[in-house]
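These notes concern the structure reproduced below.
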Amino acid sequence: MTQFCCQSSSACYFAAGGLGILVGDGQLPHYGLEKIVETYYAAQLLPVLALSLDYQFIDNPAYNRDRGPVSVISMRVHLQSYRFSP
């Protein structure tokens, strides 16, 4: 589990309505630590095909206790092409 924490100057900036690249929706009335748990599984299905599944649980996303918790599920497919030489 990973915890991210804004410093007090950042928390004050976001609480005052500041916006960042990934954080800030114009208000941060209830600041909280962002906690993330992630797990994944990768399988090589064929010599040319791999599949990965990922799950993330995010508590207090964007350091805001009024948001979330959020579950994020993703999948990645990797197809490898081979060049055969004569």
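Data table
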item	result
Filtered residues of the range 43-84 (kept if touching a strand residue (DSSP E or B) at 6+ places or on another chain (Cβ under 6 Å) and touching a residue at least 40 places away in the same chain (Cβ under 8 Å))	63
Test: residue in the range 33-42 that is within 30 Å of residue 12 (Cβ to Cβ), modelled with pLDDT of 80 or more, of a type in the set (Lys, Arg) and surrounded by 10 or more Cβ atoms within 10 Å (Cβ to Cβ)	yes
Selection from the range 43-86 of residues that are among the small types (Gly, Ala, Ser) and either closer than 18 Å to residue 29 by Cβ or at pLDDT below 95 (or both)	62, 68, 81, 85
Whichever residue in the range 1-32 is part of a strand (DSSP E or B) and surrounded by 11 or more Cβ atoms within 10 Å (Cβ to Cβ) and, among such residues, is modelled with the lowest pLDDT	4
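The values are calculated or read from the model by the stated rules, or taken from the named source; none is laboratory data. Because the structure is predicted, anything quoted here is derived from the model rather than measured. Neighbour counts run over all protein chains shown; Cβ positions are idealised from the backbone, glycine included.
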